[in-house]
Amino acid sequence: MSLDAQFAMQVGELNLAVELHAAAGQVTAVVGPNGAGKTTILRCLAGTRPIDSGTITLDGVALDNPLSAFVAPEKRRIAIVHQDGVLFPHLSVEQNVAFGPRAQGLRGKALR
């Protein structure tokens, strides 16, 4: 699956502009200082926060476009692994990260 996002948001004093392309099988990290909008970006991609303008697509299918589309979070096949203690305690970090793709039937190199 490929994920493409080009969107903008106003969050308090922060003007957030995002351009992202993640190819199938690619691992992508969002990094930056506190207050830079990392969590907001992830929430938008996961569908728990709507975008103000732009579009988010998964394999060419619009997930969020304020003018024409909004796919509910539970139907997006996108998940967030939070930094706090919400991991499966019986799995390693690698196994926790791979849980979502494996639950969707992906194996091997698709997880690396």
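The values are calculated or read from the model by the stated rules, or taken from the named source; none is laboratory data. As the structure is a computational prediction, the values presented were derived from the model and not from experiment. Methodologically, a virtual Cβ is constructed for each residue, glycine included, from the backbone with ideal geometry; neighbour enumeration extends over all protein chains shown. Calculation scope for accessible area: heavy atoms of the full protein, side chains included, ligands and nucleic acids excluded. Shrake-Rupley method; radii C 1.70, N 1.55, O 1.52, S 1.80 Å.
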If a residue must be free of Cβ contacts under 8 Å to residues at least 12 places away in the same chain, small (Gly, Ala, Ser) and either surrounded by 10 or more Cβ atoms within 10 Å (Cβ to Cβ) or touching a strand residue (DSSP E or B) at 6+ places or on another chain (Cβ under 7 Å) (or both), how many such residues does the stretch 5-22 contain? 1
Going by the structure shown, is THR48 open to solvent by 40 Å² or more (accessible area, probe 1.4 Å), out of contact with any strand residue (DSSP E or B) (no Cβ under 7 Å at 6 or more places or on another chain) and part of a helix (DSSP H, G or I)? no
Which one of GLY37, GLY60, GLY25 is farther than 15 Å from GLY100 by Cβ and either in contact with a His (Cβ under 6 Å, 6 or more places away or on another chain) or open to solvent by less than 60 Å² (accessible area, probe 1.4 Å) (or both)? GLY37
So, GLY54, is that one open to solvent by less than 60 Å² (accessible area, probe 1.4 Å), at pLDDT 95 or above and over 24 Å from ARG102 (Cβ atoms) or not? yes
Of all residues making up the stretch 1-24, the number that are of a type outside the set (Val, Ile, Thr) and within 14 Å of the chain's Cα centre (by Cα): 13
